[in-house]
1. Leaving ligands, DNA and RNA out of it, report the carbon-plus-sulfur percent of the accessible area of the range B:274-355 at a 1.4 Å probe.
2. Rounded to the nearest 500 deg cm²/dmol, what is the calculated helix-only ellipticity per residue at 222 nm for chain A, with -39500 (n - 2.57) per DSSP H run of length n ≥ 4?
3. Please report the carbon-and-sulfur percent of the accessible area for the range B:1-119; probe 1.4 Å, protein heavy atoms only, DNA, RNA and ligands left out.
4. From the alpha carbon gyration tensor of chain B, can you work out the equivalent ellipsoid semi-axes (sqrt of 5 times each eigenvalue) and give them in Å, largest to smallest?
5. Given H placed on each backbone N at 1.01 Å, which residues far from B:A170 in sequence or on other chains put an amide H within less than 5 Å of it?
6. Counting only residues 5 or more places away or on other chains, whose amide H sits under 5 Å from the amide H of A:L151 once H atoms are built in the peptide plane?
7. With the other protein chains left in place, how much accessible area per residue, in square angstrom, belongs to chain B at a 1.4 angstrom probe?
8. B:A298: net charge of surrounding residues, Cβ under 9 Å, Lys/Arg +1, Asp/Glu -1, itself excluded?
Amino acid sequence: MKAVRIVQGTAVPLDRTDVDTDQIIPSDWLKRVERTGFEKGLFSEWRDDRDFVLNQEQYSGANILIGGLNFGTGSSREHAVWAIQQYGFDAVISPRFADIFRNNCTKNGLVPVTVSDEVNEQLIRAVEADPTLEITIDVERLTVEAPAVGLETTFPLSEAIQERFLKGLDDIGLTLRLATDIDEYETTRKPWMPAQA
Amino acid sequence: MSQPRTLSQKIWDRHLVTPGVGGAPDLLYIDLHLIHEVTSPQAFDGLRMNGRPVRRPDLTVATEDHNTPTEDQDKPIADEISATQIETLRVNTQEFGIVHYPMGHENNGIVHVMGPEQGLTQPGMTIVCGDSHTATHGAFGSIAFGIGTSEVEHVLATQTLPQARPGTMAITVNGELQAGVTPKDVILHVIGVIGTGGGIGKIVEYRGNVFENMSMEGRMTVCNMSIEGGAKAGLIAPDETTFEYVAGRPNSPVGAELEAAIEDWKTLATDEGAVFDEEVIIDAADIAPQVSWGTNPAQVMPIDGVIPGPDDFDDPNLANTAARALDYMDFEAGTPIKDIKVDTVFIGSCTNSRIEDLRAAAAVAKGRKVADGMRTLVVPGSGLVKQQAEAEGLPEIFREAGFDWREPGCSMCLAMNPDKLQPGERCASTSNRNFEGRQGRGGRTHLVSPAIATATAIAGHFASPEDLA
């Protein structure tokens with residue numbers, strides 16, 4: 001994956017809770033066997049509504065998506081992360097992400113930024129008031145800043161995930177370095193565990 | 001004496017290849033990797049691009065389910081994109097030497113029906129699949145969770161996953177269930193209590209006499225929907241019910257090995273004095289047969305209730321979500337649930353397509369007729385479930401009552417195959433998600449048990465079996 005240090009730009013405020021991955025990318029799109037071309041599927045059912053926030057011109061060119069509580073619930077489809085990224089977003093902000101969605105973000109270099117309910121609300125209102133508001137997410141310092149509205153806060157990311165973002169590391173390559181440990185573990189497995197001939 | 005541990009902590013500890021040090025995740029060994037056509041093609045491409053083999057094809061089993069039509073399975077799949085995705089799985093499993101059950105094979109079926117049926121799911125294991133309903137397998141006392149495609153590739157290449165240790169949550173339901181309350185009602189009620197995000201970051205252990213008294217299939221229905229409460233996984237301590245179910249299946253241990261396994265499995269239960277990060281206690285008597293009214297699985301009501309309004313919620317987030325849901329579902333607050341007409345009934349999915357579900361539905365359907373104009377689908381979860389149902393004469397009961405008896409697959413759970421809702425159609429469904437458009441663009445889904453679904457098909461509006469003449 002590509003290294004990410006700073007995400008800087010404007011944001012789209014998606015002021016809804018429980019945005020599930022079926023909304024992010026409807027299942028029709030999951031039939032594809034490729035890893036690219038999902039940007040058109042992003043929120044495709046909601047985008048038919050002319051007033052939907054992604055269709056509002058003032059937010060065009062934004063590279064940060066601000067969602068509500070419980071963002072990315074439901075299906076494990078990584079296509080949701082691919083669609084968000086391929087549409088042009090580099091980071092998603094929410095007070096709480098669903099586990100699988102968050103994991104999928106970290107495997108693809110889409111920065112999941114967890115902030116408090118209050119900060120999330122403040123950011124959404126600030127962006128609605130001024131769509132050109134510049135927001136900076138710093139993966140090294142783990143900060144979110146919007147100086148124009150005096151907002152500065154931190155967000156959590158484990159050291160291991162932070163390092164992967166900063167260095168753009170390949171998870172599988174890292175694990176394969178531990179092949180001897182895996183070999184050793186396999187000698188201790190219970191003999192009755194199922195295995196195919 | 002070592003610290004008392006919970007069931008999930010014990011299984012986790014057993015699977016540590018290397019513990020995470022200094023904030024790094026643990027490296028967890030994966031005993032079983034189930035794959036299907038939707039979330040695996042890009043993972044196999046990744047392996048090929050990097051010249052990496054599958055480390056343990058012998059611990060990997062594939063089935064096709066999401067795209068498979070539930071009619072005419074002996075003919076080629078008409079939808080070209082679906083056909084390509086399925087063909088891709090066949091080519092990939094062939095190339096990498098992975099056992100695969102294609103459409104039409106008696107072992108083919110929904111991945112979470114097939115695994116337990118084949119004895120692949122056993123207590124004390126770690127099981128993953130690129131599918132969020134993988135927690136189903138937790139019914140056996142396993143840690144089972146859904147993963148994304150990058151993680152599918154990781155497991156294929158290494159048979160391990162780097163994972164932060166989840167928290168623990170106990171959901172205890174004790175007491176006597178009211179008549180007519182099924183495992184589906186229990187889990188819908190639980191999700192209604194904890195909310196869609198209540199379990200995020202945690203593995204839920206379902207405890208108490210209600211789960212102890214449940215059959216394995218009932219426990220699977222419960223664990224299946226753990227993700228709808230946000231949980232990473234859900235599990236239930238293995239007991240005699242579990243051992244009896246596992247014994248005698250194709251991949252299960254036999255003889256002395258089975259005895260040794262059972263002795264070991266008995267040690268997995270949560271130790272006395274172990275502490276959970278969070279505990280939720282529910283009185284079984286408070287649980288009624290449930291119907292979901294909104295667009296997330298926490299928006300549920302007893303079937304005797306009325307559609308709530310935004311004013312019924314103190315939390316502004318819940319009130320806003322309710323307002324949006326009422327709009328999408330085309331409801332007025334205050335409408336009695338039993339007055340709501342439906343035009344489609346779906347009985348199936350990884351939540352409710354096993355033989356006990358079909359028996360429960362057939363018991364209600366027997367000697368009755370579905371309402372005029374009602375579209376119905378009864379979809380067995382696997383080829384073996386279908387065979388068993390046929391041996392018991394269930395298809396005849398369904399057909400005589402006017403239900404459409406189909407071939408196995410995910411069917412109308414998720415709109416990836418020909419079984420879909422049309423815009424504005426309203427469906428009583430035994431599946432697991434009532435998200436907007438989940439069963440087809442513009443479709444409206446109500447989650448219910450097989451008994452309620454069947455009674456509703458006959459009455460034409462939401463109904464319990466007791467409501468039928």
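1. That share works out to 48 percent.
2. Rounded to the nearest 500, it is -8500 deg cm²/dmol.
3. Looking at the range B:1-119 in its full context, I get 52 percent from C and S.
4. 33, 27, 22
5. It is B:E205, B:E278, B:E279, B:V280, by chain and number.
6. Placed amide hydrogens put A:A146 under 5 Å from A:L151.
7. Here the residues of chain B average 33 Å² of exposed surface.
8. Spelling it out: positives minus negatives among the neighbours equals -2.
The values are calculated or read from the model by the stated rules, or taken from the named source; none is laboratory data. Predicted model, so just to flag it, every value in this text is computed and none were measured. Cβ: placed from backbone, ideal geometry, glycine included. Neighbour counts: every protein chain shown. Just so you know, the surface numbers come from the protein's heavy atoms only, side chains and all, with ligands and any DNA or RNA stripped out. Shrake-Rupley method; radii C 1.70, N 1.55, O 1.52, S 1.80 Å.
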